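Structure record follows, encoded as structure tokens.
The values are calculated or read from the model by the stated rules, or taken from the named source; none is laboratory data. Being a predicted model, the structure only gives us computed values, none of them experimental. Neighbour counts run over all protein chains shown; Cβ positions are idealised from the backbone, glycine included. SASA here: full protein model, heavy atoms, side chains in, ligands and nucleic acids out. Shrake-Rupley method; radii C 1.70, N 1.55, O 1.52, S 1.80 Å.
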Amino acid sequence: MRQDFTIGIDSGSTTTKAVVFSPTGAITGTGRRRVPQHMDRPHHVERDMHETWEAVIGSVQDALADAGIDGSAVAAVGLTAHGDGVFLLDRSSNPLGRGIMSLDSRATALHERWQRDGLSDLVLPVAGQRPYAYSANTLLAWIRENEPERYATIGSVIFAKDWIRYCLTGEIATDLTEASTSFTDLHTQNYSDELLEILGLQGIRNALPEMRLSCESGGVLTPEAASRTGLRAGTPVSVGLHDVTAAAVGVGHTQAGDLSITVGPFSINEVFRDRPVIGEGWACRAGYRRGLWNCMAISPASSSNLDWLARLLKPDEQDAARQLSAEMESRLSKPGGRHQVPLYHPFLFGSPYEAPASASLFGVQSWHDRADLFQAMVEGTIFNHREHVDALRQTGPVRRIGVSGGGSGQPVIAQMFADILGADVEIPEVREAGALGAALTASVSIGRYADLEEAVFSQIIPMQTYRPQTERRRVYEGIYRRYVALTQAMRPFWSDLYDGGPAQAEPVTEPVGVETGAVLNYAAMGFMPQEARP
């Protein structure tokens with residue numbers, strides 16, 4: 001049988017997917033398996049590494065069955081997975097506890113101490129970013145202080161996709177995009193001993209794995225992995241990509257100036273640059289090849305807000321978010337269907353700010369209904385993307401903007417992105433962009449294409465372009481100014497809202513230009529999402 005197909009494995013925060021692609025990028029089969037998150041201690045969000053491998057096995061088996069092919073038809077496998085966090089192996093290459101995910105917050109106090117002491121400022125010019133509480137380097141420092149015996153037995157420091165590749169091939173390695181989240185020099189794009197010294201992590205230098213490029217070989221399937229997955233022993237496996245970069249590649253973005261927006265649980269916004277650019281509003285990491293950088297601005301404040309409202313308003317409906325979106329779209333498509341809706345801060349699960357933040361609805365009136373609330377949340381999440389995009393525009397010219405994920409393919413929402421961003425946006429008609437990006441690295445690794453640029457160019461990815469409407473752009477510009485002003489006005493009160501104590505903030509003396517109306521703050525009313533409650 002001809003080996004025409006590739007498989008992209010994408011292991012997200014809750015679901016692992018395996019997708020079978022034809023040479024033109026068409027999906028011919030998909031398999032999905034849930035991976036449990038373990039949260040049995042406060043602030044700990046972990047993944048059992050063996051459960052992750054079992055989910056990969058099941059998803060690959062299901063994808064092959066869905067495609068109606070056997071493993072001998074698969075030419076190569078590519079990988080991506082949720083980024084940041086850290087997965088550890090001992091010196092015998094066995095899991096050293098559970099993998100720690102990027103949703104984990106155990107190292108928050110340590111992270112805050114680094115900020116107070118100025119250590120984070122020392123990291124910025126070396127790494128191109130300050131450490132996050134969920135960065136591998138921060139988590140390793142936390143383990144060093146709180147679990148010294150575990151720290152002393154670390155054999156390899158890897159990431160989620162690297163564990164999957166190790167299970168498939170028996171080879172331990174990582175790639176440039178993952179290594180740059182915590183361990184590399186911004187300019188040389190090599191491991192930085194200076195960075196490790198600043199953070200007191202010299203002891204794990206020998207545990208950092210070989211760093212390869214994403215399209216290089218990551219080994220071949222072992223007989224044991226082949227028997228478990230249904231693939232052919234000896235099938236090549238590429239090194240793969242961090243999931244954020246894989247999603248950008250999957251929607252056709254490979255060039256400096258390509259700006260990608262991914263709508264999901266996180267608001268992900270990134271632009272490729274041909275030079276490193278350091279700034280306050282973004283992290284500068286490595287791109288998928290040397291000489292390319294990825295400026296990223298992200299926050300956990302996007303489509304998860306819409307899912308939360310859907311569960312609240314329609315708890316018994318399986319497809320509640322889609323129903324609410326249809327109600328909004330139906331109203332907005334009618335003549336005269338637009339009217340003033342509340343303004344929303346989408347900070348249910350987090351925000352772009354260091355201070356604790358809460359979600360808020362401003363300007364609520366008795367005549368507003370659920371479609372209005374849903375529209376307000378859609379607009380609020382796009383305003384949050386806009387704030388990140390405005391920061392990324394400071395890094396240089398933007399060649400194109402692509403939006404994928406969430407409900408961005410719906411015409412009304414796509415048009416909102418164009419109007420709020422004040423720019424043309426491209427909506428690619430591609431599903432499973434991350435898995436496709438991973439699969440394309442596999443195609444390059446076996447010589448099907450010379451590089452990722454050629455691989456992307458060979459794909460058939462239809463695009464729908466939405467251009468900003470002059471009047472709607474003007475209206476949204478005014479609303480966005482109110483959004484920003486209200487954010488600044490609310491920041492002094494956030495801590496007291498969470499604590500339930502008396503407000504100590506100075507009164508706001510400058511008008512923020514918001515029409516009179518009720519202000520509904522979820523934290524103050526006890527409507528914090530279940531996942532965020534102490």
Working out 0.36 nm times the residue gap between Thr153 and Arg467, then minus their Cα-Cα distance, what length gain in nm do you get to one decimal? 107.5 nm
Centroid-to-centroid separation of the range 377-414 and the range 27-92 [C-alpha atoms, Å]: 29
Can you tell me the mean projection area, over all orientations, of the convex hull of the chain's alpha carbons? Units nm², please. 24.4
If the chain between Glu429 and Val126 were fully extended at 0.36 nm per residue, the gain over the current Cα-Cα distance would be 105.2 nm
Note to self: C-alpha centroids of the range 256-318 and the range 173-217 sit apart, in Å, by 22
Compute the longest continuous run of the chain that contains no exposed GluC sites (Glu not before Pro); treat a site as exposed when its DSSP state is not H, G, I, E or B and it has at most 13 other Cβ atoms within 10 Å. 1-209
Please list, in order along the range 338-343, the HN-Hα scalar couplings obtained from phi with the Karplus expression 6.51 cos²θ - 1.76 cosθ + 1.60 (θ = phi - 60°), rounded to whole Hz, x for Gly and Pro. 8, 8, 5, 10, x, 9
How much accessible area per residue does the range 8-103 have, counting only protein heavy atoms and a probe of 1.4 Å, in square angstrom? 35
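Heavy atoms only, probe 1.4 Å: what % of the accessible area of the chain goes to carbon and sulfur, would you let me know?
51
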FRET efficiency for Thr15 and Glu453, Cβ-Cβ distance as r, R0 = 41 Å, nearest 0.05? 0.90
Rank these by accessible area, largest first, 1.4 Å probe: Asp175, Asp121. Asp121, Asp175
Burial ranking of peptide ranges 394-400, 60-66 (average Cβ count within 10 Å, highest at the top): 60-66, 394-400
Between Asp316 and Arg399, what is the label-point separation in nm under the 7 Å Cα-to-beta-carbon projection? 5.3
With every protein chain in place, what's the accessible area of Leu373 (1.4 Å probe, Å², nearest 10)? 40
